[in-house]
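The numbers here are math on the coordinates, done by the rules we state, and not lab data. The shown structure was predicted, so the numbers you read here are calculated from the model rather than taken from an experiment. Every residue, glycine as well, gets a Cβ built from its backbone with ideal geometry; the counts of neighbours run over all protein chains shown.
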Amino acid sequence: MSQYDAIILGAGAAGLFCAATAGQRGKCVLLLDHADQPGKKILISGGGRCNFTNLHTAPDRYISSNPHFAKSALSRYTAADFLALVESHGIAWHEKTLGQLFCDGSAKQIVAMLLDECAKGSVDLQCGEAISAVEHADGLYRVSYGDRTVQAPSLVIATGGPSIPKMGATGFAYDLARQFGLKVVQPRPALVPLTLTGEDALFRDLSGVSTEVVARCGKAAFREAALFTHRGLSGPAILQVSSYWQRGDTVTTQFLPDREEGWLKAAKRERPKTSLRKVLSEALPDRLAEALCERLGLSGDLGNLSDKALAAAEAKLARWSFVPSGSEGFAKAEVTAGGIDTAGLSSKTMEARKVPGLYAIGEAVDVTGWLGGYNFQWAWASARAAGLAI
Ligand code: FDA
């Protein structure tokens with residue numbers, strides 16, 4: 001039976017970086033993945049350019065049952081640290097918007113960089129075999145895959161969450177965590193399009209129309225683009241609030257977020273012979289302006305509409321509410337919220353408090369970032385914390 005210092009399950013973002021970190025410290029590391037190649041989600045991330053970190057990374061941009069948990073790891077491995085690594089590999093990058101850093105070229109460069117870092121640490125990477133059993137006895141973890149059984153005093157769970165199952169994503173991390181007595185916070189799809197039915201379904205006719213809004217759900221508010229789809233709502237603003245959305249919650253969108261109170265009455269004074277539809281279509285996509293006017297039930301020139309009706313229209317445009325019927329689920333979710341309960345883990349090392357030698361990192365853990373490179377930064381930071389500890 002082959003013996004290693006650490007066995008890391010899952011060669012995604014977190015597993016690759018953890019293996020590289022531990023390997024470069026002289027640890028003998030085996031990195032296992034059931035997929036035929038490592039880093040598959042990295043390859044499709046950021047539209048193929050990988051939004052690998054965010055300059056504004058801060059703990060308040062992560063959702064977790066324990067909002068303090070991510071602080072330690074994030075402060076010890078920052079966006080600047082990862083950027084320095086990217087630059088040391090000569091990978092050209094750019095900031096797209098809101099601190100989001102992307103490769104100029106391809107996400108393949110990030111996978112190649114991680115594999116290079118693993119090679120520097122002599123990591124033994126094996127892909128394409130299903131893991132059939134994991135056991136723990138006499139201070140050693142035994143992992144069976146294919147026709148082999150290997151063992152090590154440290155085991156790292158880095159198999160991510162179940163979002164996008166067609167890419168090989170599974171809930172394996174949760175089964176394993178439960179096997180070792182760790183609790184799991186109910187996993188749910190996050191950064192996911194929301195679906196509309198009933199009266200709201202009328203908006204599905206606007207499929208393909210996009211506009212900047214402030215989307216809100218509870219206390220969360222995001223100013224970015226919203227996109228109407230044939231099933232409901234998507235676009236960055238909606239994906240962001242979806243991570244906070246629970247069934248039954250209302251999502252509001254503020255159209256024309258820069259307009260000050262009274263703007264429609266002012267437009268009436270200045271251009272009484274202009275229709276509301278025309279005024280809206282000057283600032284919004286035409287099909288959306290038409291649909292909003294129809295639902296507001298206001299037609300004709302502004303001069304013929306009462307100030308009260310215009311004030312009510314303004315208020316409605318500023319807080320247009322939708323009650324989504326659901327989300328598009330794990331099949332379309334960019335990440336999984338919930339996961340291995342942080343209460344059972346050390347925030348410094350990611351080691352299970354009551355199960356020595358067992359670690360959990362990345363998306364498998366109940367820490368979920370905003371859209372925009374935050375999830376990869378958590379993968380790097382948590383992987384680094386564990387990689388330095390094993
Ligand atoms: P990850 O999912 O990367 O890796 C888990 C690995 O475990 C996989 O290689 C999988 O094959 C393996 N595995 C699963 N079950 C197993 C089992 N039973 N046995 C063995 N191996 C198993 N984030 C971001 O910050 N910027 C971005 O641009 C994007 N873009 C993006 C686009 C799309 C389409 C998706 C789906 C997701 C993103 N993300 C993102 C999110 C990001 O991809 C995600 O948060 C990280 O990949 C999580 O890294 P992990 O290593 O934890 O899991």
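The figures follow:
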{"read-out": "Contour excess over end-to-end distance, with Cα ends at residue 179 and residue 278 and 0.36 nm allotted per residue", "value": "29.4 nm"}
{"read-out": "Coarse-grained scattering of the range 12-115 at q = 0.12, 0.22 Å⁻¹, given as base-10 log I(q)/I(0) from a Debye sum over alpha-carbon atoms", "value": "-0.45, -1.32"}
{"read-out": "nm² value of the averaged projected area, convex hull over the Cα atoms of the range 245-308", "value": "5.5"}
{"read-out": "Calculated [θ] (222 nm, deg cm²/dmol) that DSSP helices of n ≥ 4 give over the chain, each run adding -39,500 (n - 2.57)", "value": "-8500 deg cm²/dmol"}
{"read-out": "Karplus 3J(HN,Hα) series, Hz, for the range 288-305 with 6.51 cos²θ - 1.76 cosθ + 1.60 (x for Gly, Pro)", "value": "5, 4, 5, 5, 5, 4, 4, 6, 6, x, 10, 10, x, 6, 4, x, 8, 9"}
{"read-out": "145, 374 arranged by Cβ crowding within 10 Å, fewest neighbours leading", "value": "145, 374"}
{"read-out": "Order of 265, 348 - criterion: other Cβ atoms within 10 Å of each residue's Cβ, fewest first", "value": "348, 265"}
{"read-out": "Size descriptor, Kirkwood hydrodynamic radius, that averages inverse alpha-carbon separations across the chain, Å", "value": "22.5"}
{"read-out": "Burial ordering of 113, 1, 167, fewest other beta-carbon atoms within 10 Å first", "value": "1, 167, 113"}
{"read-out": "P(r) of the range 136-225 over all Cα-Cα pairs, binned every 5 Å from zero, in whole percent", "value": "3, 8, 12, 16, 13, 11, 10, 7, 6, 7, 6, 2, 0"}
{"read-out": "Rg(Cα)/(2.2 N^0.38 Å) for the range 216-267, N = residue count", "value": "1.31"}
{"read-out": "Distant-in-sequence amide H partners of residue 360 (H built 1.01 Å from N, under 5 Å)", "value": "157, 352"}
{"read-out": "Ratio Rg/Rh, restricted to the range 83-201 and using Cα atoms, in which Rh is the Kirkwood radius", "value": "1.06"}
{"read-out": "Cα-Cα P(r), the range 269-390, percent of pairs per 5 Å interval", "value": "2, 9, 13, 13, 8, 6, 6, 7, 7, 8, 7, 6, 4, 2, 1, 0"}
{"read-out": "Relative contact order computed over the range 24-130 (Cα-Cα under 8 Å; 6+ residues apart), in percent", "value": "49"}
{"read-out": "Pair residue 316, residue 55: separation of 7 Å Cα→Cβ label points (nm)", "value": "4.1"}
{"read-out": "Cross-link table 108/183; 96/166; 96/120; 40/332; 96/278, entries beyond 24 Å C-alpha to C-alpha", "value": "108/183; 96/166; 96/120; 96/278"}
{"read-out": "Antiparallel bridges, percent of DSSP beta bridges restricted to the chain (to nearest 5)", "value": "75"}
